[in-house]
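Taking it in order: structure first as structure tokens, then the write-up.
The values are calculated or read from the model by the stated rules, or taken from the named source; none is laboratory data. Computed from a predicted structure; not experimentally measured. Please note: Cβ atoms are built from the backbone with ideal geometry, for glycine as well, and neighbour counts cover all protein chains shown. What goes into the accessible areas is simple: the full protein's heavy atoms, side chains included, and nothing from ligands, DNA or RNA. Shrake-Rupley method; radii C 1.70, N 1.55, O 1.52, S 1.80 Å.
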Amino acid sequence: MKLRNNSSRNGHLSEEIDHLRKYSLNRNRKFTIEQLNKPVSFWIKKERLLNEIGKEFTIILRTKGCYWALEHAGCSMCGYIEDANIDNVNSQQVINQFNYALDKKLEEINSDKCSYVLKIFNSGSFFDDNEISEDIRCHIYKRISIIPNIKEVTIETRVEFINKNVLKEMQKYLENKYVELGIGLESVDDYIRNNYINKNLLFDDFIRVTKLSHEMGIGIKAYLLFKPPFLNEQGAIDDCVHSIKTLLNFNIDTISINPCNIQKGSLVEYLWNQKRYRPPWFYSLFESFKEALKQEDFERVRILCDPSGSGSKRGIHNCSSKECNGNMKEILQNFILNQDLRELDSLDSECICKKKYDIQKYQN
Ligand code: SF4
Ligand SMILES: [Zn+2]
């Protein structure tokens with residue numbers, strides 16, 4: 001699919017982001033050869049699988065970075081370009097990164113009784129040949145295909161790189177795994193997505209690739225950005241509830257809610273420094289789940305939410321109390337692992353910050 005000639009972009013906002021991004025790109029640090037042969041990071045931890053509690057094995061690969069950030073300023077909350085090596089990372093180096101992580105964890109995975117989801121992230125698009133070439137993708141598929149404990153595989157990509165050919169190529173190797181394409185939809189509202197987030201993506205195009213993927217037996221994981229810039233808490237709740245309900249109607253397999261966090265070099269960071277943005281409160285997130293979902297919905301959708309920096313001032317948080325944020329994190333984790341709405345009401349007593357929140361909820 002050709003890009004829509006920026007027709008769905010907000011000119012002024014993208015200029016602002018472009019300005020900040022250029023600054024960030026100018027000071028983009030060089031990585032050593034050793035660093036380019038190892039992934040940005042990788043880990044194993046508990047995660048909700050489709051039908052059970054299992055584990056995730058996540059590998060974050062370093063590539064040249066997301067073309068949308070490099071060439072068109074990128075999304076307003078995104079600072080992933082800080083991890084990229086914009087002078088390019090060659091194919092062998094990306095393969096070495098993947099091998100390094102997998103070889104370190106293979107024995108643990110093979111000897112585990114749990115099922116696994118493998119998440120391969122590259123802070124851009126897995127199907128963009130300039131980031132991850134066909135050779136790299138096939139190498140990765142081949143290695144995954146022979147690991148029985150890996151039942152699910154998730155990759156991330158922008159919509160414009162999804163087509164029948166890349167999906168067929170993937171299926172050739174991974175026919176015995178459940179595969180999901182993670183897509184940063186952020187909101188079902190075209191205005192919010194393109195004017196506040198600068199995503200350059202239309203909902204119709206998201207639905208088009210959803211249909212194609214479903215026809216081919218491939219699942220869709222839609223990411224929603226919880227509290228984009230320029231929305232207050234109530235606005236964030238309304239947007240999230242509307243988005244979840246709409247995605248349920250389109251039979252999206254997994255909805256992953258990402259509470260907005262303050263990433264380096266992003267427009268959101270600039271607004272946050274000026275006290276024009278505050279990351280969301282946990283109270284708003286829980287209210288959205290309760291309003292948007294009924295327990296029977298979990299028979300056809302999986303809800304995920306694993307917020308970066310939660311409890312800190314750069315991530316989703318309530319007041320400054322460790323106990324208050326700790327309780328919220330625990331409730332959220334139990335809700336996700338068990339896919340049970342009752343977990344959201346399991347707090348014994350409310351923190352005093354709830355009163356402050358109730359006042360702030362409608363303020364800008
Ligand atoms: S959020 Fe995704 S699409 Fe947007 S700039 Fe970041 S990596 Fe690229
Ligand atoms: Zn509190």
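Only beta bridges with both residues in the chain are counted; by DSSP, about 20 percent of them are antiparallel.
Based on alpha carbons, the Rg and Dmax found for the chain are 19.9, 56 Å. Computed with a 1.4 Å probe on the full set of protein chains, the accessible area for E350 sits at about 120 Å². For K329, the lysines whose Cα comes closer than 21 Å to its Cα, not counting residues fewer than 8 places off in the same chain, are K45, K46, K55, K227, K290, K313, K354, K355, K356, K361.
D238 label point, 7 Å along Cα→Cβ, cut-off 18 Å on backbone N: hits in the stretch 186-202? Correct set: 187-197.
Helical runs (DSSP H, four residues minimum) scored at -39500 (n - 2.57) apiece and divided by the length of the chain put the mean residue ellipticity at 222 nm at -12000 deg cm²/dmol.
Within the chain, C66, C114, C138, C240, C260, C305 have no other Cys Cβ under 4.7 Å of their Cβ and so lack a disulfide-compatible partner by this rule.
Relative to its residue count, the stretch 269-364 spans a Cα convex hull of 110 Å³ per residue.
Projected over all directions and averaged, the alpha-carbon convex hull of the stretch 163-225 occupies 4.3 nm². In terms of its Cα atoms, the stretch 207-323 spans 46, 30, 22 Å along the principal axes, sorted from long to short. Binning the C-alpha pair distances of the stretch 91-152 at 5 Å intervals from 0 yields a P(r) profile of 3, 16, 28, 25, 15, 9, 3, 0 %, listed from the shortest bin outward. Bridgeable lysines around K30 (alpha carbons under 20 Å apart, same-chain partners fewer than 8 residues away excluded): K22, K38, K64, K264. The three principal axes of the C-alpha atoms in the stretch 108-263 carry coordinate ranges of 47, 34, 31 Å, sorted with the longest axis first. When its C-alpha radius of gyration is set against 2.2 N^0.38 Å (N residues), the stretch 12-139 gives a value of 1.18.
Dividing the alpha-carbon radius of gyration of the stretch 208-260 by 2.2 N^0.38 Å (N being the number of residues), what value is obtained?
Output field value: 1.27.
For the residues E82, E323, E52, a 1.4 Å probe over the protein chains yields an accessible-area ranking, largest first, of E323, E52, E82.
Annotation note: trypsin sites (Lys or Arg not before Pro) in the stretch 256-343 located in DSSP loop regions with a Cβ neighbour count of at most 10 within 10 Å are K275, K294, R300.
Over the chain, what is the relative contact order in whole percent, taking alpha-carbon pairs under 8 Å and six or more residues apart?
Details: 640 pairs, mean separation 55.8, N = 364.
So the answer I get is 15 percent.
The C138 and R342 beta-carbon pair, evaluated with R₀ = 45 Å, returns a calculated FRET efficiency of approximately 0.50. Amide H to amide H, with H built 1.01 Å from N, S256 comes under 5 Å of A222, Y223, L224, L304, counting only residues 5 or more places away or on other chains.
Could you tell me the relative contact order of the stretch 110-200? Use alpha-carbon pairs under 8 Å, at least six residues apart, and round to a whole percent.
31 percent
Taken per residue, the accessible surface of the stretch 69-216 reaches 40 Å², heavy atoms only and a 1.4 Å probe. Using a probe radius of 1.4 angstrom, the carbon and sulfur fraction of the accessible surface of the chain is 47%. Counting Lys and Arg as +1 and Asp and Glu as -1 over every other residue whose Cβ lies under 13 Å from the Cβ of D238, the net charge comes to -2.
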